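See below for the structure under consideration.
The values are calculated or read from the model by the stated rules, or taken from the named source; none is laboratory data. It should be emphasised that the depicted structure is a prediction, and the values quoted were computed from it without experimental measurement. No Cβ is skipped: glycine too gets one built from the backbone with ideal geometry, and neighbour counts run over all protein chains shown. Each accessible area value is taken on the protein alone, full model and side chains, heavy atoms only, with ligands, DNA and RNA left out. Shrake-Rupley method; radii C 1.70, N 1.55, O 1.52, S 1.80 Å.
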Amino acid sequence: MKKYDNRPVEISVTRKGAAHAFIQHLHSRKVKIKNLTHLENEIKFEIARKDLSIVRASRKKYDLKVKIRYLQVSRIFQKNSWTAIGLLLLISIPIICSQIVWKVSVEAETPEMRVAVEKVIEEKLALKGPIFKHQVKSDFEIRQTIMEEIRDLSWVHILKNGSSMTIEPQLAPITDNKNNISNKKNHLVAAKSGVITHFEISSGERRVSPNTTVYEGDTLVSGVITVGDKSVVVGAAGEVYADYWLETEFTIPRTVKFISASNREWTFDFKINDEKEQGKSFQKVDLPEWLSRFIEIKRTQKYITVTEEISEEQIESFILPLLHEKILKSLPPKTVIKKENILHVTFDDDKVKGKVLFLVNENIARNYPIDQGD
């Protein structure tokens, strides 16, 4: 860089017999001299900083006292093409990098679930970093795709932090079906109307095809199969999924207080008092027994409480996800909400009211006893 350093430097030389020879020597070394001034006791002139090494080497030869004064000490950037290119890279590289998702990770309760979700986001969503942010699908599409492929999930949390994305699948609670077990053979009939999408049955004979509209009470899977001229009662078992529209109304305060998850972090807690833990602990470091009495090292999920007034722009980003999760929790496990349409929204002084239409995919099959005459 010194080779191209053209910042001006003022040189003062004591006016002796060798001074003129010194200046002539600098000319012979191709040192550009500017603003040459002859004073009573000294000679002053300016050179480029890149030529200082020649001045320092030559003054010893002519035994002259030379004073050096830097005229642009505080100047950081030089007026040349390299400085322009450097500034352009300095500005453009962070901007370009900020538009890319570099890391997509999955944090699940079990390794099997993590692998299953990673397979979905790689094959169905093409979420394998690095990827430009405008190519990443919306949180709703990501969540719905994962939940349609993995029916055991009740929700999928999507956390974004800068250029990284973390996907946290949440398993649906295990339901106790012991009370529903019966030795009787059953048909599977429709508990509600809808359009059939797919079957997951272990026994029985299908009576309807996918993309067929069925109504409440229609037989979906028969527990009686025909083998030649004989009818054999085997009983129908399994699940039949169908799409149907669900309309819901909501009324919420215009000013709401909600809790959002922040980053997970490692914390060091000294057991001096009995303060309650704030945040959910995910991982704990096993310490020696004598040390664990005084200190605890764990990884926790911190939460932030925020009070916010809802505006029209926040209907899709704030209200819909809340309704989505609330409706989903009220429906049976393995249910998926495929689509949601806002019918209307009204803002009063302190309330927000509206109607939303959800396209739900749910297991609509219910057992229906086989009559002896079947």
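Descriptive notes on the structure:
- Filter result for residue 96 (modelled with pLDDT of 85 or more and farther than 24 Å from residue 199 by Cα): no
- Filtered residues of the stretch 110-134 (kept if closer than 25 Å to residue 338 by Cα and modelled with pLDDT under 85): 126, 127, 128, 133, 134
- Checked against the criteria, residue 231 counts as at pLDDT below 95, among the polar types (S, T, N, Q) and more than 22 Å from residue 360 (Cα to Cα).
- Only one entry in 209, 182 is at pLDDT 90 or above and outside any strand (DSSP E or B), namely 209.
- Candidate set from the stretch 113-145 (those that are in a loop (DSSP other than H, G, I, E, B) and touching a residue at least 24 places away in the same chain (Cβ under 8 Å)); member that is surrounded by the most Cβ atoms within 10 Å (Cβ to Cβ): 127
- Matching residues in the stretch 89-112 - criterion: being closer than 24 Å to residue 153 by Cβ and either touching a residue at least 24 places away in the same chain (Cβ under 8 Å) or assigned to a helix (DSSP H, G or I) (or both): 101, 103, 104, 105, 106, 107, 108, 109, 111, 112
- Filtering the stretch 68-88 to residues that are in a helix (DSSP H, G or I), open to solvent by 70 Å² or more (accessible area, probe 1.4 Å) and either under 30 Å from residue 35 (Cα atoms) or modelled with pLDDT under 70 (or both) leaves 81, 82.
- If you go through the stretch 1-40 and keep only what is in a loop (DSSP other than H, G, I, E, B), open to solvent by 60 Å² or more (accessible area, probe 1.4 Å) and modelled with pLDDT of 85 or more, you end up with 29, 30, 32, 39.
- Taken together, the residues in the stretch 332-358 that are part of a strand (DSSP E or B), touching a residue at least 40 places away in the same chain (Cβ under 8 Å) and surrounded by fewer than 16 Cβ atoms within 10 Å (Cβ to Cβ) amount to 7.
- The condition (being of a type in the set (Gly, Ala, Ser), modelled with pLDDT of 70 or more and either open to solvent by less than 60 Å² (accessible area, probe 1.4 Å) or on the phi > 0 side of the Ramachandran plot (or both)) is satisfied by just one residue among 281, 311, 262, 317: 311.
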